[in-house]
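Here the structure comes first, spelled out in structure tokens, and everything after it is commentary.
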Amino acid sequence: MQRSVALSLLFGLGLSLAQNEQIAYIYDLPNYDESGTFNWMDSYCADFRDCDHIIGDDMISSTCVYGVWLFYSEYYYNYQNFGAVEWGYGDDFCWNLNNLLNNEVSSLRYAGDTYNWRYDTITLYEFDLFFGFEVYEWADMPEVPGTIATVGSLIVTGQNYWTVYTEPFFNGNHACISVQTGQYVGFAPDLSGVFGISTVRSFRRGCFSDNKIHLNSDRHGFVVKARE
């Protein structure tokens, strides 16, 4: 199936990329080659052995994304805190996966709002490098749920500040975080390395700190974390 045909099908289903939906086109060949196996995703896939009958486990070689997408080498988003992760964002942003992740993707997900990846949101991740469980929100959160006991990394979308705190109910050490000027996505793959804080237990929209940090907004990244 050609990508133009897939787009026509999306429009026929009443979907519009003009609204900045999150969609990832995934290919089993490099250079987005449509002569091989090809499909598109608009939802999380925790385990490619189960969630896609066309593209299976360890098959993805290249991708074109609308939105903010993360590709993981292990099932359930590297929940055991090791493995490779590669991310990219934009409108029809395409790339070949890193050699260490090529034909090794076992799960993928997006960050931010489902229907508008430029909308103001914050997503917290259990471990550094966007591994493990997540908490996603677009409003103030006075206490991060206990289901995510630690927070090691985060991604923000939109162009407004968020203030993050090390303690519940907007207490403790705090910092204002935002994207780079003119961008819509900011990555903090290691909170302790960026803020000097080890976790986030509450957050709210806007800036309520003198410590202002503009996160990395590079369009593409790749990291490997070895098993300890």
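The values are calculated or read from the model by the stated rules, or taken from the named source; none is laboratory data. This one's a predicted model, so the numbers in the text were calculated from it and none came from an experiment. Every residue, glycine among them, receives a Cβ derived from its backbone with ideal geometry; neighbour counts consider all protein chains shown.
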Collect the residues in the range 24-64 that are of a type in the set (Ser, Thr, Tyr) and within 22 Å of Tyr89 (Cα to Cα), keeping them in residue-number order.
Tyr25, Tyr27, Tyr32, Ser43, Tyr44, Ser61, Ser62, Thr63
Matching residues in the range 142-180 - criterion: being touching a residue at least 40 places away in the same chain (Cβ under 8 Å) and touching a Pro at 6+ places or on another chain (Cβ under 7 Å):
Pro142, Glu143
The correct count of residues that are surrounded by 20 or more Cβ atoms within 10 Å (Cβ to Cβ) and either over 17 Å from Trp117 (Cα atoms) or hydroxyl-bearing (Ser, Thr, Tyr) (or both) in the range 154-177 is 8
Subset of the range 29-41 that is without any contact (Cβ under 8 Å) to a residue 40 or more places away in the chain and not aromatic (Phe, Trp, Tyr) - its residue that is nearest to Val185 (Cα to Cα)
Asn39
Against the conditions (1) out of contact with any Phe, Trp or Tyr (no Cβ under 7 Å at 6 or more places or on another chain); (2) part of a strand (DSSP E or B), where does Leu100 fall short? Just the number, please.
(2)
Filter the range 122-151 for residues that are closer than 16 Å to Asn78 by Cα, in a loop (DSSP other than H, G, I, E, B) and touching a Ser or Thr at 6+ places or on another chain (Cβ under 8 Å) and give the result.
Glu126, Phe127, Phe131, Phe133, Thr150, Val151
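Residues are listed down the side, and each one gets a yes or a no for (1) at pLDDT below 95; (2) under 15 Å from Tyr161 (Cβ atoms); (3) in a loop (DSSP other than H, G, I, E, B):
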| site | (1), (2), (3) |
| --- | --- |
| Gln180 | no, yes, yes |
| Gly186 | no, yes, no |
| Gly193 | yes, no, no |
| Phe208 | no, yes, yes |
| Ile213 | yes, yes, no |
| Asp218 | no, no, yes |
| Val224 | no, no, no |
Mind checking whether some residue in the range 24-35 is modelled with pLDDT under 95, exposed (fewer than 14 other Cβ atoms within 10 Å of the Cβ) and over 20 Å from Arg219 (Cα atoms)?
no
Closer than 17 Å to Ser198 by Cα, surrounded by fewer than 18 Cβ atoms within 10 Å (Cβ to Cβ) and not aliphatic (A, V, I, L, M): is that true of Gly56 in this structure?
no
